[in-house]
Amino acid sequence: MKIKGIVQDNTIILPEEVCAPDGTEVMVEISERSLNDNQKRWQQLQPVIGAWKGDGELETIFAQIDRERHADRGREVDFDFSPPLNS
């Protein structure tokens with residue numbers, strides 16, 4: 001039987017149920033391709049991590065978003081509400 005899983009927090013997560021009793025010994029093979037792919041992704045991310053830190057323009061943009069998000073725009077209220085008639 002061969003099943004593909006994903007390592008998360010040092011635990012192997014399997015996408016399907018395995019029909020083997022608890023305590024069954026298994027062999028895990030970690031492919032070098034997976035390690036290399038993850039290393040490549042990490043190397044691509046490293047140059048941009050924190051690139052906007054201290055950027056005043058970005059801080060201004062986020063401050064404007066925050067103001068707009070918390071602005072009280074009121075709401076329309078219908079005072080002509082009539083309750084339904086009971087039959």
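The values are calculated or read from the model by the stated rules, or taken from the named source; none is laboratory data. Given the structure is predicted, the values throughout are model-derived calculations rather than measurements. With ideal geometry, Cβ positions are generated from the backbone for all residues, glycine too; neighbour counts draw on all protein chains shown.
Annotations
- Of all residues in segment 25-64, those being of a type in the set (S, T, N, Q), farther than 22 Å from Asn10 by Cβ and in a loop (DSSP other than H, G, I, E, B) number 1.
- Residue that is farthest from Lys2 (Cα to Cα) [pool: residues in segment 28-62 that are among the aliphatic types (A, V, I, L, M) and surrounded by 10 or more Cβ atoms within 10 Å (Cβ to Cβ)]: Ile61
- Boolean, Asp22 is of a type in the set (D, E, K, R), assigned to a loop (DSSP other than H, G, I, E, B) and modelled with pLDDT of 85 or more: yes
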